[in-house]
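Input: a single structure, listed below in structure tokens.
Coordinate-derived values only; no laboratory data. The structure displayed is predicted, hence computed values, not measured ones. Cβ placement follows ideal geometry from the backbone for every residue including glycine, while neighbour counts extend to all protein chains displayed.
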Amino acid sequence: MTTHNRLPIIVGHQDTLLHLYLPERGGGRSFFVRSDVGHIDLPRAREGGLAGGFFAIFVPELCNDCDENDRQMVVLQTANGYEIPYAAASDPEYVRGVTISMMANLFRLESESGGQVRVVRAVEELEYCLAHDIHAAILHIEGAESIDANLDTLEIFYRAGLRSVGLVWSRPNIFAQGVPFKFPHSPDTGPGLTGAGRELVRACNRLGIMLDLSHLNEKGFFDVAALSNAPLVATHSNVHAICPSTRNLTDKQLDAIRESQGLVGLNFAVYDLREDSQKELDTSLDVLVRHIDYLVERIGIDCVVLGSDFDGTIIPGAIGDAAGLPHLVDVLRMHGYDDVALRKIAYENWLRVLRKTWK
């Protein structure tokens, strides 16, 4: 079933490139063959109406000769929640090398697709893909460690196709600090942007690269809000008032996104959806609807999209993978979201913001 038979959906974040890059995560699977591993491959994307999204390049910690279990973060149980020790800064040279390899893999995937996948660099290209059932890949970097202080690599990556940058993952770098994973806790966990971070924001505005504020701490968020001339976007974050995780957005942050006419992409991570932040596969889709309802009431239907975090987190079993997206659409429709609202959430809001952001 192609995306023409489903509402075409663009998601704000997916870690599929990392899944394909690390054998211990993806098992050497192909993007073009339906698999039970991970959340996205082209057959499942077409089945569920996933028309494309932001293909994140995230580089995990340097780990020689280790398996997936060795990469797991240590979770410390607290009196009423959990805390994960703050990740250390990564070696920029190592991150840069892996970033280039993963970027090259995306371009190879495009070449091998026979026209079924396209790396898009302009809104017109994205619209063409939506109209012609071509899977649209937007190149995104999650955590700017691969970008040097002089921003030379930013210029090169932009010309290669980079159109979205998350300043941080949940660790520090020369530009900013990400939030450590804590529950319950405020996202106000450290200082704001560095001088280099301010220059990175200005350069992204100049080039027309979208800035992703997910994983950024609160002070850094408001530094970007004060500097940037583009809509504020958090590609995969939820409502702090419902689930008080550091990864979620406070009402004050949501108001700033609304004022900039930006976007919040609903994160499917069960522990950033549930009030108790538990990793439960049987999490009801009603919880996702509750976050969307809150966002729509607070910031408006024009500022809400789907983030997903496919291939990067634990998502509700009722969705399962990309093929299960219609289940969420059906639940939203049953809760009163009509076709006009669903099209906005699915892809139209992305087109509006990217049209304002990209050059």
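Structure summary
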{"item": "Gain on full stretching of the segment that runs from F107 to A203 - 0.36 nm per residue minus C-alpha separation", "result": "32.1 nm"}
{"item": "Value of Rg to Rh for the chain (Rh from inverse mean 1/r over Cα pairs, i.e. Kirkwood)", "result": "0.92"}
{"item": "Over region 3-357, relative contact order from alpha-carbon pairs under 8 Å, at least 6 apart, %", "result": "18 percent"}
{"item": "Cα-Cα over 27 Å, subset of K182/K219; K219/K356; K252/K359; K182/K344; K182/K252", "result": "K252/K359; K182/K344"}
{"item": "Gain in span if fully extended, D251 to K359, counting 0.36 nm per residue against the direct Cα distance", "result": "35.9 nm"}
{"item": "Segments 81-89, 320-328 sorted - mean Cβ within 10 Å per residue, highest first", "result": "320-328, 81-89"}
{"item": "Whole-Å distance, taken between Cα centres, linking region 24-52 and region 287-339", "result": "20 Å"}
{"item": "Cβ charges +1 (Lys, Arg) and -1 (Asp, Glu), total dipole of the chain, debye", "result": "900 debye"}
